[in-house]
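Asker: Before we start, here is the structure in question, set down as C-alpha cells.
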Amino acid sequence: MSRLDKIALKDFRNIEQVNLEFSSRVNVFHGENAQGKTNLLEAIYFISGLKSFRTRKSRDLIRSGAALARMKGLVTDSWGSSDIAVDLKSGGRRAMVNGRKTESITQYLRILTTVIFSPQDMALSGSEQRVKRKYLDRAVFQGDLFHLDRMRKYERVLKQRNAAIASGAISSGDNGMEPWNEELAKLSVQIRNGRSQALDGLIGHIREIHSEISGGKEKIDISIDAELGLHGVDGIMEHLEKIANNEKRRGHTLFGPHRDKVIFKINGREVSEHASQGQRRTLALSLKLALLQWVEKMEEELPAFLLDDPGSELDRKRLGYLGERLSAWKGQIFIATVGKNDVPMAPTTDIGVFNIEKGRVFKS
Ligand SMILES: Nc1ncnc2c1ncn2[C@@H]1O[C@H](COP(=O)(O)OP(=O)(O)O)[C@@H](O)[C@H]1O
Ligand SMILES: [Mg+2]
C-alpha cells in the first residue's frame, strides 16, 4: 500500500497554509459548501498525478493574489518513504522527489497512485468521447508506463501532420506524407492495442460491480468503435493514402485513435442516449470502482481512493453499496463530504476527521 502520511500546502486554491497528518485508512474532509473540501482533495490528486480533475489551468489552482502554489507530501510504501513536492506557477510546474528535480514524470507518477470518484465522472455517460478515451487511457497507463509518453508523442505527430496538411506544402502524388503516415500508423496500432487490452481486463470488474448495484437486472456492454478496427500498420498506411485527398480538402487528419469512440450500453441500449439518471450514476460508480480494482491488480502497492462529495451524486442505495466496498477496501481513503456520515461505513478507529472552514483545516 502506498499512502500519503502528510501533506503541506501553501497558496493552493483558497488554502493559504496547512500542515496535515493523515490516517492510513480513512480520512474525512467535512464542512459547509464552498469552504475548500474539494480543494484539499484536488491538492492530494495533484501531488500524486500532477494534474487536476477540475481544471487544466494552473492559474486556477494558485491562490488569488499569490504567484506560486506549493505542495509537499510524505509518502510511505512497502519500500520506505519518499518526500514529494510540486511548485506550481501559472507558467508551469516543478516536481521533486526527495529534494531533487525529477528526471522522469512517469517515475514521479509511480510514487503515489490515486483513483478518484467525483461528480465530474457523470460525464462518462455523456456523449463527449474525450472523457471516455481518457478513462481507458488511465487504465492502460497503469499496466504500461510507456503509454503516457506514447500519447504525448501521438499528439505531437498529429499536430505536425495537421500542420503539414493545412499548409498544403505536400502536393498530391508525391509521398511527402509518408513519414507522418508511418508514425501515425505505428502509434495508432499501439494505442488501440493498449486500450483494447485494458478494456478486456476491466470489463469483468465493471460487469460484476454494475450487476451488484443494479441487483442483477442490468447488463453492461462496452465496445470501442474504431475505424478499421485493430488493423496493422500497413493496412492503416494504405488507408491514409486513400483518404489523402479528403484530408487535404478538410485540412486535418481524418483517421486515428483520437477519433475512436467508446460505447457503453446497458441492456443493449446506448447509455449516452437512453440511460436514466440512476443508470448513469451506477455506470460512473462501477467504472471507477473497477478502475480501482484494476489498478490494485497492476500495482504492487494499493492506490489511494479519493471521493469527492459522493452524497451529491448517489442515492442511499448506491451510497450503501459504496460504503460496503470502502469498508472492505484496505487502501487509504479520502472523502470530501458535507455531512460526516454521508457514506455509511463500518466503524474504524483508524480514521482522521477534518473540518474545513474558509480554507482552514481543523482536525477533530
Ligand atoms: N485560486 C483560488 N484562490 C482563492 N480561492 C479560490 C481559488 N479557487 C477556488 N477558490 C475558492 O474555493 C472555494 C471553493 O472550494 P471547494 O473546495 O470547491 O468547496 P467545497 O468545500 O464545497 O468542496 C470557493 O470559495 C472559491 O472561491
Ligand atoms: Mg466540493
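Asker: With respect to the cross-link table entries 10/317; 6/134; 153/219, which display a Cα-Cα separation exceeding 32 Å? Before the final figure, lay out the partial values.
Answerer: Numbers: 10/317 38 Å; 6/134 29 Å; 153/219 37 Å.
Long pairs (Cα-Cα over 32 Å): 10/317; 153/219.
Asker: Taking the stretch 213-332 on its own, what percent of its Cα-Cα pair distances exceed 20 Å? Mind dumping the intermediate values first?
Answerer: On the way: 4341 of 7140 pairs.
Distances greater than 20 Å cover 61 percent of the Cα pairs.
Asker: Going through the stretch 296-358, which GluC sites (Glu not before Pro) have at most 11 other Cβ atoms within 10 Å and a DSSP loop state? Provide the component values of the computation, followed by the final result.
Answerer: Values: sites: 296, 299, 300, 301, 313, 324, 357; in loops: 299, 300, 301.
Listed in order of number, the matching sites are 300.
Asker: Around residue 300, with a cut-off of 15 angstrom between Cβ atoms, what is the net charge of the other residues, counting Lys and Arg +1 and Asp and Glu -1? Before the final figure, lay out each step's value.
Answerer: Details: positive: 3, 110, 297, 330; negative: 77, 296, 299, 301.
My count for the surroundings of residue 300 gives 0.
Asker: Of the candidates 337, 114, 253, which one comes out as most mobile in a Gaussian network treatment of the chain with C-alpha springs shorter than 10 Å?
Answerer: Most flexible of the set in this elastic network: 253.
Asker: Quote to one decimal, in nm, the extra length available between residue 217 and residue 178 on full extension: 0.36 nm per residue of separation minus the C-alpha distance between them. Please list the in-between numbers first.
Answerer: Details: separation 39, 0.36 × 39 = 14.04 nm, distance 5.08 nm.
Working it through step by step, the gained length comes to 9.0 nm.
Asker: Using only C-alpha positions, report the orientation-averaged shadow area of the convex hull of the chain, nm², one decimal.
Answerer: On the way: hull surface 78.2 nm².
Spelled out: convex hull of the Cα atoms, projected over all directions, averaged, 19.6 nm².
Asker: Counting each DSSP H run of 4 or more residues in the chain as -39500 (n - 2.57), what helix-only mean residue ellipticity at 222 nm follows after dividing by all residues, to the nearest 500 deg cm²/dmol? Intermediate values should be presented prior to the final figure.
Answerer: Values: 12 runs with 155 residues, N = 364.
Taking each H run of at least 4 residues, the total per residue is -13500 deg cm²/dmol.
Asker: Helix 146-167 against the longest principal axis of the chain: what's the angle in degrees, Cα atoms only, rounded to the nearest 10?
Answerer: Once rounded, the angle reads 40 degrees.
Asker: Report, to the nearest 10°, how far helix 129-143 tilts away from the longest principal axis of the Cα atoms in the chain, using its own Cα long axis and a range of 0 to 90°.
Answerer: 80
Asker: Set the Förster distance to 25 Å, then compute FRET efficiency between residue 74 and residue 340 from the Cβ-Cβ distance, nearest 0.05.
Answerer: On the way: r = 26 Å, r/R0 = 1.03.
Calculated value: 0.45.
Asker: Each label point is 7 Å from the Cα along the Cα-to-Cβ direction; what then is the distance between the points at residue 94 and residue 363, in nm?
Answerer: Label at residue 94, label at residue 363, 2.9 nm between them.
Asker: Okay, moving on. Test of the criteria: in the stretch 1-94, which trypsin sites (Lys or Arg not before Pro) are in a DSSP loop and have at most 15 other Cβ atoms within 10 angstrom of their Cβ?
Answerer: Values: sites: 3, 6, 10, 13, 25, 37, 51, 54, 56, 57, 59, 63, 70, 72, 89, 93, 94; in loops: 13, 25, 51, 54, 56, 57, 63.
Sparse-neighbourhood loop trypsin sites (Lys or Arg not before Pro): 51, 56, 57.
Asker: Treating the angle as unsigned and between 0 and 90°, give the value, to the nearest 10°, between the Cα long axis of helix 277-298 and the longest Cα principal axis of the chain.
Answerer: Approximately 90 degrees, to the nearest 10.
Asker: Let me ask another. At 7 Å along Cα-to-Cβ for each site, give me the label-to-label distance between residue 238 and residue 328 in nm.
Answerer: 4.9
Asker: Using θ = phi - 60° and the Karplus relation 6.51 cos²θ - 1.76 cosθ + 1.60, list the HN-Hα couplings for the stretch 186-195 in order, rounded to whole Hz, with x at every Gly or Pro.
Answerer: 4, 5, 4, 4, 5, 5, 5, 4, x, 5
Asker: Given H placed 1.01 Å from N in the peptide plane, which residues other than close sequence neighbours of residue 28 have an amide H under 5 Å from its amide H?
Answerer: Excluding prolines and chain starts, which carry no amide H, the hits are 335, 352, 353, 354.
Asker: Build a GNM of the chain with springs between Cα atoms under 10 Å: which of 265, 317, 340 gets the top mean-square fluctuation?
Answerer: 317
Asker: In the Gaussian network model of the chain, springs joining C-alpha atoms below 10 Å, which of 319, 302, 228 carries the largest mean-square fluctuation?
Answerer: The residue with the greatest mean-square fluctuation here is 228.
Asker: Measure out, as a whole number of angstrom, how far apart the alpha-carbon centroids of the stretch 45-102 and the stretch 261-280 sit.
Answerer: Between the Cα centre of the stretch 45-102 and that of the stretch 261-280, the gap is 36 Å.
Asker: OK, next. Quick one: plug the Kirkwood hydrodynamic radius of the stretch 125-298 (C-alpha pairs) into Stokes-Einstein at 10 °C, 1.306 mPa s, and report D in µm²/s. Walk me through the intermediate numbers first.
Answerer: On the way: Rh = 17.5 Å.
The diffusion coefficient I find is 91 µm²/s.
Asker: May I pose another question? Got the relative contact order for the chain handy, in percent, Cα pairs under 8 Å and 6 or more residues apart? Let's see the in-between values first.
Answerer: Values: 628 pairs, mean separation 101.3, N = 364.
Here the relative contact order equals 28 percent.
Readers should treat all values here as calculations from the given coordinates under stated rules, not as data from a laboratory. What you see is a predicted model, and the numbers here were worked out from it, not measured in a lab. Here Cβ is always computed from backbone atoms with ideal geometry, including for glycine, and neighbour counts include all displayed protein chains.
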